[in-house]
1. Within the range A:202-255, which helices (runs of 4 or more DSSP H) (wholly inside it) include 2 or more residues that are within 14 Å of another protein chain (Cβ to nearest Cβ)?
2. Please work out if residue B:166 is in contact (Cβ under 8 Å) with a residue 24 or more places away in the chain, within 14 Å of chain A (Cβ to nearest Cβ), assigned to a helix (DSSP H, G or I) and within 21 Å of the chain's Cα centre (by Cα).
3. Quick one: which helices (runs of 4 or more DSSP H) lie wholly within the range B:294-378 and hold at least 3 residues that are within 24 Å of residue B:15 (Cβ to Cβ), away from chain A (no Cβ under 14 Å) and without any contact (Cβ under 8 Å) to a residue 40 or more places away in the chain?
4. Of the residues B:217, B:243, which single one is touching a helix residue (DSSP H, G or I) at 6+ places or on another chain (Cβ under 8 Å) and within 14 Å of chain A (Cβ to nearest Cβ)?
5. It is to be established whether one or more residues within the range A:229-236 are surrounded by fewer than 20 Cβ atoms within 10 Å (Cβ to Cβ) and either free of Cβ contacts under 8 Å to residues at least 60 places away in the same chain or in contact with a strand residue (DSSP E or B) (Cβ under 7 Å, 6 or more places away or on another chain) (or both).
6. Consider residue A:207 against the criteria (1) farther than 16 Å from residue A:126 by Cα; (2) out of contact with any strand residue (DSSP E or B) (no Cβ under 8 Å at 6 or more places or on another chain): it satisfies all of them except one. Which criterion is unmet?
7. List the helices (runs of 4 or more DSSP H) that sit entirely inside the range A:313-402 and contain at least 1 residues that are under 25 Å from residue A:219 (Cβ atoms) and away from every other protein chain (no Cβ under 14 Å).
């Protein structure tokens, strides 16, 4: 059935007229934050127009009026299903500009937590995709697995979603006790959950028919549109920042990058499913290699001293005062730092004028590029195919509209 | 004559108000409970009688069944919204048209054997028509109008698309539905449901049980297993439940044909779905699961196969046992039917039609031909 999956029944000689439908922003599949205007002939989408911007909160402009450390809570709210990845991406950009490197233990912590976030991101995306195809049970299984991770995220960062865990030159606090054992047992449970989910959908004929050969994005188009991440990789664009431009300690870890062949919805689903397995692999390696040591750089111009020292020594009190009033004085210059976030290459372009405030912050949100290509992917398919295609590009409006 | 009228009224009241509607109502809660168990959730547990909201142990929740009451009260007391644009009269009439024709099908379903009460004997079936199942097909077709008109009169593009989808889907699957049952009609030689049920478990002329391979009762499920599978698929599509719920696919069409409905009007559409599940289960039980028959229990009592002995029972008691058996079978079938919804993802609109016309229809025709060939040799 899959070869004629794209051909819809033709009305033949009957006279038809097109109808314009607004999908969203108040539409169950549009998250309330995006509108797709479609022209349909019967069920076939002739033309589509994606309108974004419903969740624009001015992150970039707000960042100009905040000290570098104060920007971190805002980055949580970019891609809110993988907040750690944004946190660490911004921290890395500022560290590059400062010319410092976070301590080795911190780098491992960042890899571990970042991969946890990647798993939550992919579970959410694949889960939502399954739910929108009517598979409510696998969706809740995915959410159950995600919930296990949120529990441990809460233990580490004190919050489930708005973690605000990273700092320039380190992380806010050390990992809790028994973190390793707990995380390993959680990962084991998640692997069981994934087995349940895969058994329900991966080889399910209905599920495959709904996804295969639909929403196709060719490799050339993916590169032309600037699409990276799982969506690009599903189209065959073999690019992963973690491997091609290693940061943190990714070059010491062994992991595979899944590549798709057809660039259709099913490939995007499978690539994400496999990336979850790879992330679990990375986390296990990083937990074995996790060294002891400081979690922050020992530079009082960047990291705040202990509270005890602040109250008892004049140097620390001065450092505290300067950090609170002036912020971290980042040398004048500009940097483009990019990391592999849940949706692809998350770039932070920061211009500094030497003060404690960034002069300009610009984010390269990966799903902005995915969403650009959406009209090309859904034109010619039917109304029912918009939903999985839209789900598979994992549009996160916080990141898209900033 | 008076006796017949009284019996008929009793039977109508019983099957409608003591079986179908309560069962359909309970199914709405069962659906939620069951899905919550499948999905590792707690499920409906808020509605309670004690008024103590905080202490879980003090609540009288009755397995969540009070949600049925709470939902009913909510539906009735919500604003009865009627649209300003579109056709208001048809809009109001559509849910009624979608709900009630299905209930007429109940009249032909035999829900028990022959019982004698106070010296008055009757078959537990409201009406015995020779046309039998044809009446069921006819009235289930009328429900299509309700859906179509609901979609059309709402003046909403999602409703319109949902209505169009529902219409083409239900019309397509009616053809399949009728053809899958042809084998059954050919084997038992009738369209009348009570005769079919009696044919599924009967005694030969010499008083010995008429069994398949010496031990299996001649139920539809054993004689027409393939038709049974086709019928389940077609009937699920006909009741518009997942994986065939494209007319109301909530991720695509918001709520499909009942997007513009509120209060009890929407409640009627939702309730009609569960009433259809009950009716589907009744027809399925009647045609494939031997109706009200308990295996090896005949009018005079048990006659076990392989000569293992027999046990005679009062015929009226047998009648009541059979009635309870029928209800039990219906509940089990309905419960199984609900599980499908929580297991499979949804088809796409054109895939549903393609499945109906290109796969189920040829298979149903093949089933008829094979059945005919086999029957001609017996």
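The values are calculated or read from the model by the stated rules, or taken from the named source; none is laboratory data. Remember, predicted model here, so these are calculated numbers, not experimental data. FYI the Cβ positions are ideal-geometry reconstructions off the backbone, even for glycines, and counts take in every protein chain you see.
1. Ranges flagged: A:205-211.
2. Answer is yes for this residue.
3. B:315-341
4. Criteria check complete, one pass: B:243.
5. yes
6. Going through (1) farther than 16 Å from residue A:126 by Cα; (2) out of contact with any strand residue (DSSP E or B) (no Cβ under 8 Å at 6 or more places or on another chain) one by one, residue A:207 breaks only (1).
7. Values: elements: A:314-325, A:366-372, A:374-378, A:383-392, A:397-401.
Here the list reads A:366-372, A:374-378, A:397-401.
Here is a yes/no grid of residues against (1) touching a helix residue (DSSP H, G or I) at 6+ places or on another chain (Cβ under 6 Å); (2) within 13 Å of chain B (Cβ to nearest Cβ); (3) surrounded by fewer than 19 Cβ atoms within 10 Å (Cβ to Cβ):
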site	(1), (2), (3)
A:22	no, yes, yes
A:25	no, yes, yes
A:33	yes, no, yes
A:43	yes, yes, no
A:47	no, no, yes
A:57	no, no, yes
